[in-house]
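Trainee: Below is one structure. I have some questions about it.
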């Protein structure tokens, strides 16, 4: 047994444990949203686009995970969160992005839309601030034109969510407030 | 079985809900009900508009679980017409002064509800066990001859099944039955874990049993969210977190061994992990 090898194992275990904690957060949010009429729009799915490719080992781990919710009363609207663990040099620590998107073309929606809108290269966004953007004024902002009508976004540092009460107060309530 | 699973000897069954059911309730069976299963039942809520607790519903029926001291566990008992609920509990007062009580438990781990529409399993089990004539379709005589009060069906799940249960209730209503909102109970695995952690048991041997159960449930991540673990606390090697600040950014062109975590080059994003601490 070597210290070097043990440290690699510890790092790996830590990351596994961290993902388990993210799953606990998601599960609690799923509960709160369901009781408000919002069910998962993506089943148990939390990420996409992982690499199994020998040439893309940095993507063997997810760079972000998401939960996306739908409500039959508001068929064109999705609410959701994305936890972004790493994104080049754009974030200094993992962030939790909340979003409400009103779609024009729901069939073109992607679970990554909240992520894409937050990390839009043309915009400098900061945490703890509400963003509201509507299609008529900012039509060119969107990756696919005419897909999205309105967007509301807000993001916080992931570790600022430190208890189930925080999930309720800082995430669930904020998601509900996004107009 | 539980020891084999705790030691990782059974990877092929670690996500099987029947194994989880057997390990957890098979062990709970050996705890006095007042110390184990009754405490777990206290965490349940029904699906009425008021979301009443199990205890509130018992009180409304003038039932006090403190009057009961024995629980029979019936695992996977079969009815030709209505299927096979995971567990049926028959709660008794060993002195025979009180009316026997029955609860059905349907357990889920990583799967969702079986059956849709008229074949919805929650609907089938609940209606079968609530009706004396339908109970007779069960092979087990303890169930078929049961003459007490059916309290309802517990849906024990890992993830939220709110909508799924509302669909079951709609199916029950469609069949002409009513009032079942207060007979289907929501119970989550993380609540079971929390209850077991909080149990106050004096017997050393009973404590060992509970400790094993808690360990099993924690291993499966069936716990509440309590915040994120601090990476600097998680690692024993504190020197890892006081390294030189220079970040190695250049990707190695040739493999010459694995990077040393101690010099912070294993993770490209290490500077971000340590940022809060360094500040």
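Trainee: Out of contact with any strand residue (DSSP E or B) (no Cβ under 8 Å at 6 or more places or on another chain), away from chain B (no Cβ under 14 Å), closer than 23 Å to residue A:168 by Cβ and at pLDDT 95 or above - does that describe any residue in region A:65-79?
Mentor: Yes; the residues of region A:65-79 include at least one that is out of contact with any strand residue (DSSP E or B) (no Cβ under 8 Å at 6 or more places or on another chain), away from chain B (no Cβ under 14 Å), closer than 23 Å to residue A:168 by Cβ and at pLDDT 95 or above.
Trainee: Pick from region A:7-36 the residues that are out of contact with any helix residue (DSSP H, G or I) (no Cβ under 9 Å at 6 or more places or on another chain) and more than 7 Å from chain B (Cβ to nearest Cβ): which of them is farthest from residue A:65 (Cα to Cα)?
Mentor: Within region A:7-36, the match that is farthest from residue A:65 (Cα to Cα) is A:9.
Trainee: Please work out which one of (1) touching a helix residue (DSSP H, G or I) at 6+ places or on another chain (Cβ under 6 Å); (2) over 19 Å from residue B:221 (Cα atoms); (3) at the interface with chain B (Cβ under 8 Å from one of its Cβ atoms) is the condition residue A:82 fails and give its number.
Mentor: (3)
Trainee: Identify, from the list B:12, B:72, B:77, B:118, the residue that is surrounded by fewer than 20 Cβ atoms within 10 Å (Cβ to Cβ) and in a loop (DSSP other than H, G, I, E, B).
Mentor: B:77
Trainee: Working only within region A:39-64, note down all residues that are at the interface with chain B (Cβ under 10 Å from one of its Cβ atoms) and under 26 Å from residue B:111 (Cβ atoms).
Mentor: Within region A:39-64, A:39, A:40, A:43, A:44 qualify.
This table checks each residue for (1) facing another protein chain (nearest Cβ under 8 Å); (2) modelled with pLDDT of 85 or more.
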site	(1), (2)
B:190	yes, yes
B:194	no, yes
B:212	no, yes
B:225	yes, yes
B:234	yes, no
B:244	no, no
B:247	no, no
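Trainee: Report, by residue number, each residue of region B:40-63 that is surrounded by 19 or more Cβ atoms within 10 Å (Cβ to Cβ), over 13 Å from the mean Cα position of the chain (by Cα) and under 22 Å from residue B:201 (Cβ atoms).
Mentor: Listed by number, the list holds a single entry, B:54.
Trainee: If you don't mind, there's one more thing I want to ask. I'd like the residue in region B:15-30 that is touching a strand residue (DSSP E or B) at 6+ places or on another chain (Cβ under 6 Å) and touching a residue at least 60 places away in the same chain (Cβ under 8 Å) and, out of all such residues, is surrounded by the fewest Cβ atoms within 10 Å (Cβ to Cβ).
Mentor: The extreme case among them is B:17.
Trainee: Can you list the helices (runs of 4 or more DSSP H) found entirely within region B:139-226 that contain at least 1 residues being under 18 Å from the mean Cα position of the chain (by Cα)?
Mentor: B:162-174, B:189-198, B:204-219
Trainee: Quick one: would you say residue B:182 is surrounded by fewer than 22 Cβ atoms within 10 Å (Cβ to Cβ), closer than 16 Å to residue B:122 by Cβ, touching a residue at least 24 places away in the same chain (Cβ under 8 Å) and within 12 Å of chain A (Cβ to nearest Cβ)?
Mentor: no
The values are calculated or read from the model by the stated rules, or taken from the named source; none is laboratory data. Just so you know, these numbers come straight off a predicted model, no measurement behind them. With ideal geometry, Cβ positions are generated from the backbone for all residues, glycine too; neighbour counts draw on all protein chains shown.
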